[in-house]
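Here is the structure we will look at, set down as structure tokens.
Please treat every number below as a calculation from the coordinates, not as lab data. These numbers come from a predicted model, not from an experiment. With ideal geometry, Cβ positions are generated from the backbone for all residues, glycine too; neighbour counts draw on all protein chains shown.
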Amino acid sequence: MKPVFLTVLSLSMLFTSYAQTAVKQYTIEQFYKTVTYGGGDFNKQENKILIHDNSTGIFNVYELDLATKAKKQLTRSEKESYFAIDYIPGSNNFLYSADKGGNENTHIYLQKTDGTVTDLTPGANEKAGFMGWNRPKTAFYYSSNLRDPKFFDVYRMNTSDWKATLLYKNEQGLNVAGISPDENWLLLTKSITTDKNEMYLLNRKSNDLKKLSAETEATYAPQSFELDNSAFYYTTNEGSEFTYVVKYDIASGKQEKIFSDKWDVMYMYTSENGKYRVIGVNEDGRNKILLYDHKTGRPLNFPTIKDGYVQGVGISPTEKNMIVYVISDRSPVNLYSYNFDSKKLNKLTNSLNPEIDPNDLVDAEVVRFKSFDELEIPAIFYKPKNASPANKVPALVWVHGGPGGQSTAGYSQSIQYFVNHGYAILAVNNRGSSGYGKSFYKMDNRNHGDKDLKDCVWGKKWLAQQPYIAPAKIGIYGGSYGGFMSLAGIIQYPDEFKVCVNLFGVMNWLRTLQSIPSYWESFRKALYEEMGDPATDSVRLRTISPLFNTDKIKTPLLVLQGSNDPRVLQVESDEIVAGAKKNGTPVEYVLFPDEGHGFRKRENQMKAAKVTLEFLDKYLKGDAYAADAKKSF
């Protein structure tokens, strides 16, 4: 898909028909009756798949029959979200993962067909992650920081006795990113900066460690081994703005570029027996999935999808079947099954609440605008259908997390809810965002809250120039790093934004960088290199931290925070709220005692969205603060 460059005139013409259409407005309850699906691993017979969804209001694990589409609930959690991992090979027992209250200390659980559950990684402060099965399917690999909270070792757990043995002891911050089928070769990576890492190949028999990455600013990400252990594949942006796929022959050391695009290659993997090769590309804010015959490299035709575009696929162990994940801007992910022999595509789920007419929702548009220094900034734009020059609507500048994240097109529950209620949204991919080349990505290094923030301000100026936007009614919204940016926006540019919505944003960079989770140790140096080391760069970090500038907050502020957040501590929000209230500024604060960094429970998601809309209706659309201030004089 080519990027869309839209001028003021063309945008106006494009959406003229929208203003003539009556759009039904939906409640928060209707929006959150949609279902989010994930998982999709096949059972032995390949007639069922293991999935998770939040149809009960929280994620649980289910078994979905591919023929009848009947769904059987396997777990019945009412408190924590459970996420499907996979069936135990050859049985109907399965693995799932869960943390407690959003603390991110995920454990791996075994549930048997009789309903008994065993925590396979029961360490009190352990964080464990599933890493796949061994070739004979007699054991699985997982990462764990049980031995040392700072580093992730890799273990092999046998399914015969559920005993774990140490496969790799991580003592230098070298993280396992790939394991060969014969377990002799390990691919290791080490973070240097957020723009650079190193890649190593370890021979476990000889203990020989070979550095494969070049002494240059580039990233390396192992992807997949050949089944005969002769070669592996990795992505890199060495010598290029965008990542591409390279094949490395272990015996000769020969490297061969096998695939590149004008966008970043996100991943590449081969199916279980090496028949198919799957490549995912980040194409201007949307996923593009490519399928190849792995042996010949011949591209294969994908099944035609009418309801959206393919976000990902999962190929069965026999390589006869495939689960296809389809998303659109107006619908969450739906699962389809596909048979390679019959070419039959079968829709398995209907994620959008049937009470909602997708024609009342809006498509995302890729736009670009010039920033203060003429740099072109990409963004994802959502325009209410009833917006017109005769009916100007309020708007939000939407700032993604990170640093280094990216706003992408596709379905967003909260965005569609706000747009359906009359708010235009411009999701800015400011300099420093992923997906637009490594030069663009590193433009905000040691410059956070400055030029990247100006990109958001100039996004606001772009919005104000659109004939269907009310220029005096534009706010800013952001979560995590985007929450920091939103607060910095109203502090540094008090006349630009009418309201600020801050979800678990970083308010004190000195404290945040000093209190990051212990298991980020191998990434700590890279994070400090980008953001600044609190020991040596304290003056700048203090200057950009909103907490030390609360006297400048004059804009109505809404703060949302999870009590169990291990990344942005609750104290960050507590203190910013207390500081802002001293100014007489309208401040609303909603604390979620059973959530972490982001909200997983449907009840909490609904509450957050509803509170936000009420806040926007009062202070942005209704401009209550300005009216109250005028009365006080």
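Kindly provide the helix-only [θ] at 222 nm of the chain, computed as the sum of -39,500 (n - 2.57) over DSSP H runs of four or more divided by all residues, to the nearest 500 deg cm²/dmol?
Details: 13 runs with 113 residues, N = 633.
Taken over the chain, the calculation gives -5000 deg cm²/dmol.
How large is the convex hull of the C-alpha atoms of segment 67-130 per residue, in Å³?
Working: hull volume 6.9 nm³, N = 64.
Once divided by residue count, the hull of segment 67-130 is 107 Å³.
Rounded, prolate or oblate for segment 285-375? Axes are the square roots of the Cα gyration tensor eigenvalues, ordered a ≥ b ≥ c, and the cut-off for rounded is a/c under 1.5.
Here segment 285-375 falls in the oblate category.
How high is the relative contact order of segment 447-532, in percent, with contacts defined as C-alpha pairs under 8 Å that are six or more residues apart? Walk me through the numbers on the way to the answer.
Numbers: 81 pairs, mean separation 21.5, N = 86.
25 percent.
Using only the C-alpha atoms of segment 279-320, find the volume of their convex hull and express it per residue in Å³. Let's see the in-between values first.
Details: hull volume 4.0 nm³, N = 42.
Convex hull volume per residue, Cα atoms: 95 Å³.
What are the semi-axes of the equivalent ellipsoid of segment 129-225, taken as the square roots of 5 times the eigenvalues of the Cα gyration tensor, listed largest first and rounded to whole Å?
24, 15, 12
Would you mind calculating the gained length between LYS169 and TYR493 on full extension (0.36 nm times residue separation, minus the Cα-Cα distance), in nm to one decimal? Could you put the intermediate results ahead of the total?
Working: separation 324, 0.36 × 324 = 116.64 nm, distance 4.93 nm.
Result: 111.7 nm gained on full extension.
I need the shape label for segment 135-290. Rule: rounded when a/c is under 1.5, else prolate if a/b > b/c, else oblate, with a, b, c from the alpha carbon gyration tensor.
Values: a/c = 1.64, a/b = 1.39, b/c = 1.18.
Prolate, since a/c reaches 1.5 and a/b exceeds b/c.
Can you give me the distance in nm between label points at THR304 and LEU209, each placed 7 Å from the Cα along the Cα-to-Cβ direction?
5.5
Between SER230 and ALA472, with labels modelled 7 Å along Cα→Cβ, what's the label distance in nm to one decimal, could you check?
It is 7.3 nm.
Hey, any idea what the orientation-averaged projected area of the convex hull of segment 361-419's Cα atoms comes to, in nm²? Please list the in-between numbers first.
On the way: hull surface 20.4 nm².
Its Cα hull, projected and averaged over all orientations, spans 5.1 nm².
How would segment 337-389 be classified by its alpha-carbon gyration tensor: rounded, prolate or oblate, with rounded meaning a/c under 1.5 and the a/b versus b/c comparison settling the rest? Write down the numbers at each step before the final one.
On the way: a/c = 4.76, a/b = 1.74, b/c = 2.74.
In terms of gyration-tensor shape, oblate.
Convex hull volume of the Cα atoms in segment 313-359, per residue, in Å³?
Values: hull volume 3.4 nm³, N = 47.
Hull volume over Cα atoms, normalised by residue count, gives 72 Å³.
What number do you get for segment 198-291 when its Cα radius of gyration is normalised by 2.2 N^0.38 Å, N = residues? Kindly include the intermediate steps, with their values, before the conclusion.
Numbers: Rg = 13.8 Å, N = 94, 2.2 N^0.38 = 12.4 Å.
In units of the 2.2 N^0.38 Å rule of thumb, it is 1.12.
What is segment 357-422's relative contact order, in percent, from Cα pairs under 8 angstrom and six or more apart in sequence?
On the way: 56 pairs, mean separation 23.1, N = 66.
The normalised contact order for segment 357-422 reaches 35 percent.
Relative to the longest principal Cα axis of the chain, at what angle does helix 481-492 sit, 0 to 90 degrees, rounded to 10?
That works out to roughly 20 degrees.
From largest to smallest, what semi-axes in whole angstrom does the chain give when each is the square root of 5 times an eigenvalue of its alpha carbon gyration tensor? Intermediate values should be presented prior to the final figure.
On the way: eigenvalues 321, 166, 130 Å².
Gyration-tensor ellipsoid for the chain: 40, 29, 26 Å.
Within segment 252-283, what residues put their amide N at less than 16 Å from the label point 7 Å along the Cα-to-Cβ vector of ASN346?
Taking a point 7 Å out along Cα→Cβ of ASN346, no residue of segment 252-283 has its backbone N under 16 Å.
Using r as the Cβ-Cβ distance of GLU104 and TRP162, and R0 as 30 Å, what FRET efficiency do you calculate, to the nearest 0.05?
Values: r = 24 Å, r/R0 = 0.80.
Working from the Cβ atoms, E equals 0.80.
Against the longest alpha carbon principal axis of the chain, how many degrees, from 0 to 90 and to the nearest 10, is the axis of helix 602-616 turned?
Value to nearest ten degrees: 20.
Kindly give Rg over Rh for segment 389-438, based on alpha-carbon atoms, with the Kirkwood expression for the hydrodynamic radius.
Details: Rg = 12.9 Å, Rh = 12.3 Å.
Ratio value, two decimals: 1.06.
Given points 7 Å out from each Cα along the Cα-Cβ axis, report the GLU374 to THR543 separation in nanometres with one decimal.
My value for the distance between the label points is 2.7 nm.
Where does segment 549-627 land on Rg/Rh, using Cα atoms and the Kirkwood Rh? Before the final figure, lay out the partial values.
On the way: Rg = 13.3 Å, Rh = 13.4 Å.
Over the Cα atoms of segment 549-627, Rg/Rh equals 1.00.
How large is the charge dipole for the chain, taken about the Cα centre, if only the Cβ atoms of Lys, Arg (+1) and Asp, Glu (-1) carry charge, to the nearest 20 debye? If you can, show how the numbers build up before the last one.
Details: 76 positive and 73 negative charges, 166 e Å.
Dipole size: approximately 800 debye.
For segment 278-329, calculate the relative contact order in percent as a whole number, restricting contacts to Cα pairs under 8 Å that are 6 or more residues apart.
Numbers: 70 pairs, mean separation 13.4, N = 52.
Relative CO of segment 278-329 lands at 26 percent.
Along the positive direction of the dipole of segment 316-455 (beta-carbon charges: Lys, Arg +1; Asp, Glu -1; about the Cα centre), which of ALA379, SER412, ASN353 reaches farthest?
ALA379
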